[in-house]
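Presented below is the structure to which this report refers.
The values are calculated or read from the model by the stated rules, or taken from the named source; none is laboratory data. Because the structure is a prediction, the values reported are computed rather than measured. We place every Cβ from the backbone using ideal geometry, glycine too, and count neighbours over all the protein chains shown.
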């Protein structure tokens with residue numbers, strides 16, 4: 001499959017989806033949003049795919065949203081786009097400022113909420129902003145011992161997103177989540193594991209991804225014969241995440257972006273960004 005910002009590989013029933021902008025610390029731009037949406041869509045339909053592992057090329061998992069983004073790229077079909085990427089671009093609704101449901105970041109988050117197979121995070125390095133909050137939608141998270149999770153939303157003058165205001169207390173515990181949201185606390189891999197957010201830690205380096213895949217494959221081998229695993233795990237996920245759970249997350253996602261919209265319209269976002277540029281550089 002041709003992608004510009006991600007790469008995918010199918011191995012033993014597992015789709016490995018890697019952020020592939022290491023020169024930008026794997027910050028996500030609009031093109032990456034659409035390409036991840038395309039990859040998840042294809043994985044959902046592919047009976048050979050049992051689970052998806054979300055990881056990255058390079059030393060960072062993701063530095064979050066790329067603030068040098070070019071939003072128009074999400075709406076322009078390019079020569080290097082895959083067929084599914086082009087299909088999604090053509091189907092994107094026109095962005096209406098007063099309707100956050102038409103905003104690409106909201107549609108991107110909804111693709112995580114609606115994904116109907118196990119989604120597993122393999123965090124090879126720092127996960128910042130939405131790089132962190134998107135992992136809250138993973139069914140399992142593995143990480144390197146040197147990784148960290150940081151949600152500096154206030155520093156950027158925006159509200160928490162990816163349903164982090166609902167999921168972070170659930171996944172990290174209220175005290176640690178509040179420290180992360182209110183105080184910008186950088187959660188270490190050890191803290192994340194102690195809280196139960198990260199299942200297992202591995203050494204950083206070239207062998208990290210293969211070690212995580214070996215752990216997952218060993219577990220999948222216990223879920224029945226390969227030809228049944230696809231349906232078995234989809235059925236399990238429907239029980240673990242019911243329609244009512246998804247509806248709550250979809251609603252919370254839009255509430256968060258309404259706050260982002262409100263902060264932008266009031267000028268608070270620009271004031272905060274100027275504060276950090278002029279008063280607290282770096």
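Here are the numbers for this structure:
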quantity: Test result for residue 15, buried (at least 19 other Cβ atoms within 10 Å of the Cβ) and either in contact with a strand residue (DSSP E or B) (Cβ under 6 Å, 6 or more places away or on another chain) or assigned to a loop (DSSP other than H, G, I, E, B) (or both); calculated: yes
quantity: Hits in region 67-93 - residues which are modelled with pLDDT under 95 and under 20 Å from the mean Cα position of the chain (by Cα); calculated: 67, 68, 69, 70, 71, 73, 74
quantity: Residue check, residue 174 surrounded by fewer than 17 Cβ atoms within 10 Å (Cβ to Cβ) and either over 28 Å from residue 100 (Cβ atoms) or touching a residue at least 40 places away in the same chain (Cβ under 8 Å) (or both); calculated: no
quantity: Qualifying residue in region 222-231 (condition: crowded, with 16+ Cβ neighbours inside 10 Å, outside any loop (DSSP other than H, G, I, E, B), touching a strand residue (DSSP E or B) at 6+ places or on another chain (Cβ under 8 Å) and touching a residue at least 40 places away in the same chain (Cβ under 8 Å)); calculated: no
quantity: Some residue of region 27-35 being modelled with pLDDT of 95 or more, under 18 Å from the mean Cα position of the chain (by Cα), within 30 Å of residue 205 (Cα to Cα) and assigned to a strand (DSSP E or B); calculated: yes
quantity: Residue 248 surrounded by fewer than 15 Cβ atoms within 10 Å (Cβ to Cβ), part of a helix (DSSP H, G or I) and touching a residue at least 60 places away in the same chain (Cβ under 8 Å); calculated: yes
quantity: Of all residues in region 20-43 being more than 25 Å from residue 230 (Cβ to Cβ) and in contact with a strand residue (DSSP E or B) (Cβ under 7 Å, 6 or more places away or on another chain), the one that is surrounded by the most Cβ atoms within 10 Å (Cβ to Cβ); calculated: 26
